[in-house]
Amino acid sequence: MWTIPNILTSMRVLLIPVFVVVYFLDWKWAHQVSAFIFWFAAVTDWFDGYLARKLQQSTAFGAFLDPVADKLIVSAALLMIAHTYQDPWITVAAVLLTSREVFVASLREWMAEHGQRDSVKVSFVGKAKTMAQMLALIGLLSELEYFMGFPIYWVTLGKILLLIATVLSVWSMVVYLKAAWVYLVVEPKKHG
């Protein structure tokens, strides 16, 4: 069970409270350090998947924990930016992104129970949404528009990428729902 990929995934789960606590510390660089922790978690997410495939260390525990770790840290980050910016557009995006994650996870679970999990496997649009969302959250968590007096526009880029991630999120949800629709409206026995 304690393969390198599973250790990395477990470490991501353990980083969540650290990430949240650091963000709310009364310290000048707290948000930037928290954004770095989030970036580090995103990188380990890529590495644990890569290593699981490369080292042939895929496990049931890893398959369960990996998406849970992702959803927990992303949900925490979305709540934190909605709290920090108190901008209706960011809040709406955070609600849509979180709702989509719950919907798609539930849809996948339902489809798996009926032997149709491959009908709603991760698509290119879903992967593009994840990339845009991760980059958006890093920029927004960091709150950096300027660094040492130079404009870097991370917050502006974060807002743009959050909008893109939200559009891709809704789009991918519609794609998954369309693929599953026939199984949702017809009795599962007819397809099993």
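The values are calculated or read from the model by the stated rules, or taken from the named source; none is laboratory data. Just so it is clear, the structure is predicted and the values come from calculations on it, not from any experiment. Here Cβ is always computed from backbone atoms with ideal geometry, including for glycine, and neighbour counts include all displayed protein chains. We work out accessible area using only protein heavy atoms, side chains counted, and drop any ligands, DNA or RNA first. Shrake-Rupley method; radii C 1.70, N 1.55, O 1.52, S 1.80 Å.
Summing Lys, Arg as +1 and Asp, Glu as -1, what charge do residues with Cβ under 14 Å from the Cβ of Asn6 carry, Asn6 excluded?
-1
Just going by the charge dipole of the range 1-158, with Lys and Arg at +1 and Asp and Glu at -1 on Cβ, which of Phe103, Ile90, His31 is farthest out on the positive end?
Of Phe103, Ile90, His31, it is Phe103.
Kindly provide the helix-only [θ] at 222 nm of the chain, computed as the sum of -39,500 (n - 2.57) over DSSP H runs of four or more divided by all residues, to the nearest 500 deg cm²/dmol?
The per-residue figure over the chain is -27500 deg cm²/dmol.
Please give the peptides 54-67, 155-168 ranked by average Cβ packing (other Cβ atoms within 10 Å per residue), highest first, as a rough proxy for protection.
Details: 54-67: 14.1, 155-168: 19.3.
Top of the packing list down: 155-168, 54-67.
With a 10 Å cut-off between alpha carbons and a GNM built on the chain, which of Glu109, Glu143, Glu101 moves the most?
Comparing Glu109, Glu143, Glu101 in the GNM, the peak value goes to Glu109.
Output ³J(HN,Hα) for the range 114-125: one whole-Hz value per residue in order, computed from phi by the Karplus curve 6.51 cos²θ - 1.76 cosθ + 1.60 with θ = phi - 60°, and x for Gly and Pro.
My calculation for the range 114-125 gives 10, x, 10, 4, 5, 5, 10, 6, 4, 9, 4, 4 Hz in order.
Rounded if a/c is under 1.5, else prolate if a/b is larger than b/c, else oblate: which is the range 33-73, with a ≥ b ≥ c the root eigenvalues of its Cα gyration tensor? Before the final figure, lay out each step's value.
On the way: a/c = 4.41, a/b = 1.65, b/c = 2.67.
Oblate, because a/c is 1.5 or more while a/b does not exceed b/c.
Which Cα, out of Tyr153, Met134, Met173, lies furthest along the positive dipole direction of the range 106-192 (beta carbon charges, K/R +1, D/E -1)?
The Cα lying farthest towards the positive end belongs to Met173.
For the range 88-158, what class follows from the C-alpha gyration tensor (a ≥ b ≥ c being the square roots of its eigenvalues): rounded when a/c is under 1.5, otherwise prolate if a/b is larger than b/c, else oblate?
On the way: a/c = 4.79, a/b = 2.67, b/c = 1.80.
Note, shape of the range 88-158 comes out prolate.
Considering only C-alpha atoms, what is the centroid distance from the range 1-35 to the range 56-80, in Å?
Value for the Cα centre distance between the two parts: 13 Å.
Stokes-Einstein diffusion coefficient for the range 1-152 at 37 °C in a medium of 0.692 mPa s, Rh from the Kirkwood formula over Cα pairs: what value in µm²/s?
196 µm²/s
Share of the range 1-110's accessible area from carbon and sulfur, percent, 1.4 Å?
On the way: 4540 of 6240 Å².
Here carbon and sulfur together make up 73 percent of the probe-accessible area.
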